[in-house]
Amino acid sequence: MCPACGTLSSRVHSRYVRQLADTSVSGRPVLIELQVRRFRCGQRLRRQATFAEQVDGLTVRHGRRSAGLQTVLERVAVMLAGRAGTRLSQTLAAGVSGSTLLRLIRRLPEPDTSTTPTTRASRPTARHRRRPGHHHHGGGICG
């Protein structure tokens, strides 16, 4: 299906091999080689005449990582970012730079602020609560 106009097409334009990095197995990097077809859009007036097929749950347009690896790296980026995130990504056999992790964070959609809980004024805990008749005296040493 053409991503621009939604027209289904069965006219194959060409084929090519696409390489996708995927989540590691037993600490070893995984590279998926996928033969992909390019289709010709059926709409004659279209500027973008061809488009590549996508595999649901595995590929995204212009992506060099599987959807699973992309999700893992986005989570690492949000939790650690920078140098710590880079070290963890290397441990996961999916080494990326700190700049890449920051770029992943910038590409994430903005969080929905309408469902964010509001902060309530904190109530003093039992440890800090004063009981009537009990006075707090400093614990300093008098000499």
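Compute the Cα gyration tensor for the stretch 1-120, then decide on rounded, prolate or oblate, letting a ≥ b ≥ c be the square roots of its eigenvalues: rounded whenever a/c is under 1.5, prolate when a/b is larger than b/c in the other cases, and oblate in all that remain.
It is oblate, given that a/c is not under 1.5 and a/b is not larger than b/c.
Excluding ARG37 itself, calculate the net charge of residues whose Cβ lies under 13 Å from the Cβ of ARG37, where each Lys or Arg counts +1 and each Asp or Glu counts -1.
Cβ neighbours under 13 Å give a net charge of +4.
Give the shape of the stretch 1-46 as rounded, prolate or oblate, defined through the alpha-carbon gyration tensor: a ≥ b ≥ c are the square roots of its eigenvalues, a/c under 1.5 means rounded, and otherwise the shape is prolate if a/b is larger than b/c and oblate if not.
Verdict is prolate for the stretch 1-46.
Which of the peptides 99-111, 13-25 is most tightly packed, and how do the rest follow, judged by the mean count of other Cβ atoms within 10 Å per residue?
The packing order, highest mean first, is 13-25, 99-111.
Please name which of THR50, LEU80, GLN90 has its Cα lying farthest along the dipole of the stretch 31-110 towards the positive end, using unit charges on Cβ (Lys, Arg +1; Asp, Glu -1) and the Cα centre as origin.
Ranked along the dipole, the leading option is THR50.
Using θ = phi - 60° and the Karplus form 6.51 cos²θ - 1.76 cosθ + 1.60, what ³J(HN,Hα) does each residue of the stretch 12-22 get, whole Hz, x for Gly and Pro?
For the stretch 12-22, the Karplus-derived couplings read 7, 8, 6, 10, 8, 9, 10, 10, 10, 6, 10 Hz, x marking Gly and Pro.
Can you list the trypsin sites (Lys or Arg not before Pro) in the stretch 39-93 that are in a DSSP coil and have 16 or fewer other beta carbons within 10 angstrom?
Passing sites in the stretch 39-93 are ARG44, ARG46, ARG47, ARG61, ARG64.
A short reminder: the numbers here are calculations on the coordinates, not readings from a lab. Please read these numbers as outputs of a predicted model, since none were measured by experiment. FYI the Cβ positions are ideal-geometry reconstructions off the backbone, even for glycines, and counts take in every protein chain you see.
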